[in-house]
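Before any comments, here is the structure.
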Ligand SMILES: [Zn+2]
């Protein structure tokens, strides 16, 4: 079996031998993974798979019944085990495993456990056994182990190792195929729940639109901001570029960082952060997809809020660092001092920054410094989804950005912002998303309520009727599309 680019299982014609594994460059390592042997445990009447001799001598790792240690070959990567009943490899440490599962749920929409079970089941069938034999590796009552039990265990262990190799290869495929704009588009599509296809398409087109993106020409030997500039006419500007800043994760304990923010025990800090935390709870507290993804992210992340002393206007920032293996991710969100700016912009700012966190956390690691102006539009759309689903209006921030744009435009100042579409485009992001998402949410709720009422009455065809009405585009949505197209064609506003 193999996995194709859509995550579907492709059946392999013959099972590759573990000894042919070319993905283990070091002979020592290859020796280790190859050396999985079965040892019979007379106490439990089961086979235990051990990775190599040294692992079999390590009696310190407590093995549960039906857990088969796959490898623990270095100190960096935590030990893993495979459960033959489920076919799933897991960290021996339960906490590490929990975080790993949360991360997986966040990153992948397909079910990795079902996938591995299917590999295991098909492997058994290919060996001439049946999928019903899965997990039957001995008679636990009598301790008797037949040749069939032994074959089943061997088949499953080989498939577990195969699945691990598959995972590695799938990661390689992702590396080759990852496209930032597609990643943002797919994610935003997930968060635009219940919208008509037309309205959604018009909204998502804003992420990769050239109207919103300024086509930065990137200097290869970039050493400071001045080397980033807008591509001239006929010049080949790159829409997606590398933003070195994303590599740097702030050291919140450094003197330099501390000098920019209020002390965490100050009134200023507490005032802003307590409001942010109230909102965060609402954002992660409903059953929309964006809220559930945020909840999963927060469960495997440590989040720190800081309030900047030097920001005079509504503003925010987000830094994300993925935890290696079992560690938690780290998220640092900086906010403006609400005592200076007022509360109105906070929902939009916080939701937008969390939109960045959702984006970064669901990218493959190598792509974490990739950037485009559309990343800001994505965070606006995702932030609006977070707010709307929590019953919060995020437009205060957009109002500020729009007014700032109007003021600059009126006085003939440069309205463009570094690494971001201008304030007018950002205002539109929020207002359009808010309009469409509020409508879709109301519609979803109406449908649910109607279903409930009809259910109580015993009417069965209620869902078909109401969902039919839901997909019919409204007139003003069509206007929205046309307007967006016209604006793009005219190349301005
Ligand atoms: Zn942003």
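Table for the structure above
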| read-out | value |
| --- | --- |
| Conditions (1) part of a loop (DSSP other than H, G, I, E, B); (2) within 16 Å of the ligand (Cβ to nearest atom); (3) over 16 Å from the mean Cα position of the chain (by Cα); number of the one not met by residue 363 | (3) |
| Count of the range 321-355 residues which are within 12 Å of the ligand (Cβ to nearest atom) and more than 22 Å from residue 402 (Cα to Cα) | 1 |
| Contacts under 9 angstrom Cβ, first residue in the range 301-317 being in the same structural domain as residue 361 (by TED's automatic domain parsing) and touching a residue at least 60 places away in the same chain (Cβ under 8 Å), partner within 16 Å of the ligand (Cβ to nearest atom) and part of a strand (DSSP E or B), 6 or more apart | 301/320; 301/331 |
| Members of the range 415-426 that are within 15 Å of the ligand (Cβ to nearest atom), farther than 20 Å from residue 243 by Cα and surrounded by fewer than 23 Cβ atoms within 10 Å (Cβ to Cβ) | 423 |
| Selection count where residues are in contact with a helix residue (DSSP H, G or I) (Cβ under 9 Å, 6 or more places away or on another chain) and at pLDDT 95 or above, scope the range 263-287 | 15 |
| Some residue of the range 162-181 being part of a helix (DSSP H, G or I), in contact (Cβ under 8 Å) with a residue 40 or more places away in the chain and over 29 Å from residue 361 (Cα atoms) | no |
| Checklist (1) within 14 Å of the ligand (Cβ to nearest atom); (2) in contact with a strand residue (DSSP E or B) (Cβ under 7 Å, 6 or more places away or on another chain); (3) part of a loop (DSSP other than H, G, I, E, B) applied to residue 314, failing item | (2) |
| Residue, farthest from the ligand (Cβ to nearest atom), within the range 366-377, restricted to residues that are assigned to a helix (DSSP H, G or I) and over 21 Å from residue 105 (Cα atoms) | 374 |
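The values are calculated or read from the model by the stated rules, or taken from the named source; none is laboratory data. Bear in mind the structure is a predicted one, so any value in this text is a computation, not a measurement. A quick note on method: Cβ atoms are made from the backbone with ideal geometry, for glycine too, and the neighbour counts reach across all protein chains shown.
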